[in-house]
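The values are calculated or read from the model by the stated rules, or taken from the named source; none is laboratory data. This structure is a prediction, so every number in the text was calculated from the model and none was measured. Ideal geometry is used to build each Cβ from the backbone, glycine not excepted, and the neighbour counts take in all protein chains shown.
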Amino acid sequence: MAKAVQNRPADNWGPQYFLASVGAGGLVVTFFMWLYMWIPHPGQPVPVFEDVALAFANGGALQQAMILIAALGVAIFAVLNLKMLFWNIGRLNRFKKTDGYSKLIGTNAQSQLTALPLAIAMTVNVGFILGLVFVPGLWGVVEYLFPLAMIAFALTAWLAFAQIGSFVAQVLTPGRFKFAANNSFGQVLPAFALSMIGVGFSAPAALSASPLTAGVALIASTLLLVMAALWALIAVVLGIASILQNGTNIETAPTLLIIVPLMTVLGILMLRQGHGLHVHFGAHETAGGALRMLTAFLSVQVAFGLFGLTVLRAQGYGARFLTGAEPSVGSYALVCPGIALSVMMQFWINNGLVGAGLVVKFGVGYWVLSAIAVGFQVSMILLVLTLNRRHFRAPQGKAAMPAQ
């Protein structure tokens, strides 16, 4: 029987391809931000189908166009998110039967497998957004859905813990960890996975009318928040130490930006927790406190963003892997930081600056700042389309190669 033909870079699969699904899911969130921040949603903290329909019916041409683009963006990138998730799961199952998987286990790269629970958690969050935007009457039954969502996130957390535990047992405990090969922030990926699960857990803490549901969600999300923060802190310190001694590996250099999405996810998690604590447990939020917290998170993002971009530019990463002939799966790690900045900017503008009275909502300054957030969003859409074309289309003018 003839071997399958391998023409695309994506046929040489690795766990980092799960980031293609995560990136598409992140773009769903950026379009939902338009509806969340720009249309009224009285009666509940987030917009639902009825709010969107009412705003579309009563709005002017610009608002209707915005709602239509946002809804289409949510739908299109949700389909891409699901498509890439299922494709990656299929490829992972095939990968486990190869020598490549055996060589991966017991090495630094084993932690890349936590991209699976990261992608699953993102897809669960995307499913919640799809329900809010497109399902009439969802808010009337949402209290029944929150426990189901928490079960889904608990199972995803179990998978993440199992993979992290295997990494500790296979790599850290026997002393197989290679410090010289840790010259990136690749080991922050498990923390990113835990934080994505945690932000999903925090949604019922902010949105549920039941103190018990909110309390359970608050406890679970705090557990994941602390674990993610501890793991990320250790991974960053070890990564910087190795970078100082060994320089940066050009193919893993995009991971230097992973702190940017981590800060957005943890920032949203803490905002949700703060709202739940205010509503159910008497811990009062202040506009100044929200502004300070969001500004601090954004400042960390700017610092690590500048650091990572400086390294990438010095190494000529873009000319080699984005516009050159050589593709790299690590390029998908560049998508989440831009998306994260877009989302964080939206929260910083609306919950921070507007909430503190420094910017007038829908004023000139508001739209100037919002344009920056949308600029990041559009840039990441173009990057996703570019990467998908480079990795999932057969290169022209080259002979087909047998798949391994």
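From the list ALA53, ALA71, ALA20, the one residue that fits, being over 25 Å from GLY330 (Cβ atoms), crowded, with 18+ Cβ neighbours inside 10 Å and modelled with pLDDT of 95 or more, is ALA71. In the set (1) in contact (Cβ under 8 Å) with a residue 60 or more places away in the chain; (2) crowded, with 16+ Cβ neighbours inside 10 Å; (3) farther than 30 Å from ASN183 by Cα, the condition left unmet by ALA152 is number (1).
Considering segment 184-229 alone, what residues qualify as being outside any helix (DSSP H, G or I) and crowded, with 21+ Cβ neighbours inside 10 Å?
Keep residues of segment 184-229 that are outside any helix (DSSP H, G or I), which gives 184-185, 208-210.
The answer is SER184, PHE185, SER208.
Against the conditions (1) part of a helix (DSSP H, G or I); (2) under 27 Å from VAL378 (Cβ atoms); (3) in contact (Cβ under 8 Å) with a residue 12 or more places away in the chain, PRO327 satisfies every one except (1). Within segment 250-274, residues that are at negative phi and crowded, with 24+ Cβ neighbours inside 10 Å reach partners that are among the β-branched types (Val, Ile, Thr) and outside any helix (DSSP H, G or I) with beta carbons closer than 8 Å, at six or more positions or on different chains, in the pairs LEU256/THR248.
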